[in-house]
1. Quick check: is even one residue across the range 123-132 surrounded by fewer than 20 Cβ atoms within 10 Å (Cβ to Cβ), of a type outside the set (Gly, Ala, Ser), under 18 Å from Ile154 (Cα atoms) and in contact with a Leu (Cβ under 8 Å, 6 or more places away or on another chain)?
2. Restricting attention to the range 72-98, report how many residues are of a type in the set (A, V, I, L, M) and either free of Cβ contacts under 8 Å to residues at least 24 places away in the same chain or surrounded by fewer than 19 Cβ atoms within 10 Å (Cβ to Cβ) (or both).
3. Report whether or not Val12 is closer than 27 Å to Asp295 by Cα and surrounded by fewer than 20 Cβ atoms within 10 Å (Cβ to Cβ).
4. If the Cβ limit is 8 Å and pairs must be 6+ apart or interchain, which residue in the range 22-36 that is over 13 Å from Arg133 (Cα atoms) pairs with which residue that is outside any loop (DSSP other than H, G, I, E, B) and within 15 Å of ligand 1 (Cβ to nearest atom)?
5. Looking at Glu215, Glu195, Glu166, which one is of a type outside the set (Phe, Trp, Tyr), closer than 15 Å to Arg123 by Cα and either without any contact (Cβ under 8 Å) to a residue 60 or more places away in the chain or within 14 Å of ligand 2 (Cβ to nearest atom) (or both)?
6. Would you check which residues across the range 1-25 are under 18 Å from Arg259 (Cβ atoms), modelled with pLDDT under 95 and part of a loop (DSSP other than H, G, I, E, B) and list them?
7. Would you check which residues across the range 169-183 are surrounded by 15 or more Cβ atoms within 10 Å (Cβ to Cβ) and farther than 15 Å from Arg123 by Cα and list them?
8. Yes or no: Pro171 more than 15 Å from ligand 1 (Cβ to nearest atom) and touching a residue at least 40 places away in the same chain (Cβ under 8 Å)?
Amino acid sequence: MIDGFGRRITYVRLSVTDRCDLRCRYCMAEKMTFLPRKDVLSLEEIVELADIFIARGMKRIRLTGGEPLVRKGIDRLVLELGKRVGKGLDELTMTTNGTQLERYAPMLFAAGIRRINASLDSRDPDRFRHITRRGDLAHVLGGIEAAARAGLRIKINMVALRGINEDEIAPMLRWCASQGYDLTLIETMPLGEVEEDRTEHYLPLSEVSNRLEREFRLIPSLARTGGPARYYEVEGLGVRLGLITPLTHNFCEGCNRIRVAATGTVFGCLGHDQKVELRDLLRGGGAEAVDDALDRLLAGKPKSHQFRIEAARPAVERHMNVTGG
Ligand SMILES: C[S@@+](CC[C@H](N)C(=O)[O-])C[C@H]1O[C@@H](n2cnc3c(N)ncnc32)[C@H](O)[C@@H]1O
Ligand code: SF4
């Protein structure tokens, strides 16, 4: 999997559902219309697609959604994909909102998952409910604890929201350090159809890191993942801080990733509409047709994205509606 700019694609984010049990204000509308089931890849089709990716050199798969753990049969899927870890696949990971972790954490570990990203934008119960429109903080914290107990390494994802949780960022960093978790802060992106005006809560991470530097010494880490995060070691805390600033271009030249929506649409870049549709090929055309389509995708994978806050909205929304993130 090498694209037209010589970048080796080794990482895929695979959305297994567009559905979710929360309605985070920056991500979804209150009343969502989800896709008809027939439009979403079956579990078998997801495995088939994962095998095609692995055969082509994909090393890491991250399962996401929507909320991956609300997909019916997710345990079967994870256990099946887990069989590929160490046999072509280096790592299987997941990004989750944590609501189902209490139930599923031991299964994730048993399947070979060793680390997960868990989203947590606030540790205040009322704010958490406000942001997610329905989440129960105690339940989610219980899930994250269960995941840690099961042996999973945890990175907390926190979307930085001006006027909503900006005062919680430094406390969250300290809390993560006390729990042995890492923390990644995310800038809001113009993705998904939401009722809210996201620009109102847009908080540039440059501003956040300037503020954090008054309290902590942030030592830039050499770690690169090929993704949009920059990492820092926080002196004295033993926690790694990631900053995801998707609207900047600083990561595009090393980009090693693609993303697959729950419908089987594969995007070469989050900030472009460039895509291939694999669902019907999986259903009718067979592995060769899928391979040809992936070749087309790689040949056309954009050099860099074209996000500007809210400016890229129509193009990005068209595909985020079916990826859920
Ligand atoms: C779309 S969610 C999917 C996985 C899972 N439901 C979760 O929340 O972790 C993946 C990540 O994207 C973040 N996210 C969603 N919409 C976003 C937006 N508009 N801007 C920035 N981050 C966003 C979420 O906070 C979460 O950490
Ligand atoms: S960010 Fe995750 S948990 Fe929140 S609504 Fe979107 S998919 Fe659901």
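1. Of the residues in the range 123-132, the ones surrounded by fewer than 20 Cβ atoms within 10 Å (Cβ to Cβ) are 123-127, 129-130.
In the following step, the residues that additionally are of a type outside the set (Gly, Ala, Ser) were identified as 123-127, 129-130.
Narrowing further to those that are under 18 Å from Ile154 (Cα atoms): 123.
Restricting the remaining residues to those that are in contact with a Leu (Cβ under 8 Å, 6 or more places away or on another chain) gives 123.
There is at least one residue in the range 123-132 that is surrounded by fewer than 20 Cβ atoms within 10 Å (Cβ to Cβ), of a type outside the set (Gly, Ala, Ser), under 18 Å from Ile154 (Cα atoms) and in contact with a Leu (Cβ under 8 Å, 6 or more places away or on another chain).
2. Summing the residues that are of a type in the set (A, V, I, L, M) and either free of Cβ contacts under 8 Å to residues at least 24 places away in the same chain or surrounded by fewer than 19 Cβ atoms within 10 Å (Cβ to Cβ) (or both) in the range 72-98 gives 2.
3. On the way: closer than 27 Å to Asp295 by Cα: yes; surrounded by fewer than 20 Cβ atoms within 10 Å (Cβ to Cβ): no.
Judged against the criteria, Val12 is not a match.
4. Leu35/Val322
5. Glu166 is the lone residue from the list that is of a type outside the set (Phe, Trp, Tyr), closer than 15 Å to Arg123 by Cα and either without any contact (Cβ under 8 Å) to a residue 60 or more places away in the chain or within 14 Å of ligand 2 (Cβ to nearest atom) (or both).
6. Once the filter is applied, which keeps residues that are under 18 Å from Arg259 (Cβ atoms), modelled with pLDDT under 95 and part of a loop (DSSP other than H, G, I, E, B), the range 1-25 yields Met1, Asp3, Gly4, Phe5, Arg7, Ile9, Thr10.
7. Asp182
8. The answer is yes for Pro171.
The values are calculated or read from the model by the stated rules, or taken from the named source; none is laboratory data. Just so it is clear, the model here is predicted, and its values are computed rather than measured. As a convention, Cβ positions derive from the backbone with ideal geometry for all residues, glycine included, and neighbour counts pool all protein chains shown.
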